[in-house]
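Okay, structure first, notes after.
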Amino acid sequence: MARLALVTGGTRGIGAAVCKALKAGGYDVAANYVVFDEAAQKFEKETSLPIFKWDVSSPEQCIKGADTVAAHFGRSIDVLVNNAGITKDIMMHRMSVDDWRAVIEVDLSSMFYMSRAVIVKMREKGFGRIVNITSINGKMGQMGQTNYSSAKAGIIGFTRSLAQECAVKGITVNAVAPGYTDTDMVKAVPAEILKTIIAKIPVGRLAQPDEIARAVMFLVADEAGFITGETLNVNGGQLMD
């Protein structure tokens, strides 16, 4: 039977690319989203993958959402890709408490809420793959992104800790840290600023979403059971560590 994968923020950008790669790899796939209904419906029509709407910053909705996906497919989730994220960029001295909390809740707390919603069943069956999407800016920081960079840095610590807890149960927990990627989020950056960013990337271009998806596919494979607690950088050489 095919493995069942759930991707949060799965109908646009990197998440959509991950969903398509998983489907092509023989997985059964569920895509979560919360906003952009038109884009989600277009994704569903184009891919024939089921979409499920809930807010990953709500612990109650995460539990209900994961249960709904499991009921739809008639079995528990094997693979969780925590991809959902938002930005609210502004210099910290002008950042509101709401801007801070919104990004921390969606980008970081959702990792806990969603992982908690699937981890018990994974432990019971002795198999699981969790991949958390962090960011190059979680490692090197970025002006105007104290909220985002803090959340993405926290994901790395969360990943390493959960990996240690779950290793003996056949569950791996890893992270992928994309560099600047050709998504709607990056396209919103002013052209002159984007030009300076690309100039700092050794390969001289943005990543494509399917390049990030290939890294996720490597980590979720059954054969990747000896890789856990790692953060895989996919940034065109912009940050090497």
Considering only Pro178, Pro190, Pro50, give the residue with the highest GNM mean-square fluctuation for the chain, with springs between Cα atoms whenever their separation is below 10 Å.
Pro190
How much length is gained if the chain between Glu46 and Glu124 is pulled fully straight, taking 0.36 nm per residue apart and subtracting their Cα-Cα distance, in nm to one decimal?
24.6 nm
Contact order normalised by length for the chain, with contacts defined as Cα pairs under 8 Å and 6 or more residues apart; what percent is it?
19
Of Ile77, Ile198, Ile133, the most mobile residue in a GNM of the chain (C-alpha springs, cutoff 10 Å) is Ile198
May I have the pair-distance distribution P(r) for region 4-234, computed from all Cα-Cα distances with 10 Å bins from 0 and rounded to whole percent?
8, 34, 39, 16, 3, 0
Summarise the long-distance tail of P(r) for region 102-241 by giving the % of C-alpha pairs beyond 24 Å.
33
GNM of the chain, Cα pairs under 10 angstrom: of Glu38, Glu230, Glu211, the biggest fluctuation goes to Glu38
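Only the coordinates and a few stated rules stand behind these numbers; no lab work does. Only a predicted model underlies this, so the values are computations on that prediction, with no experimental measurement involved.
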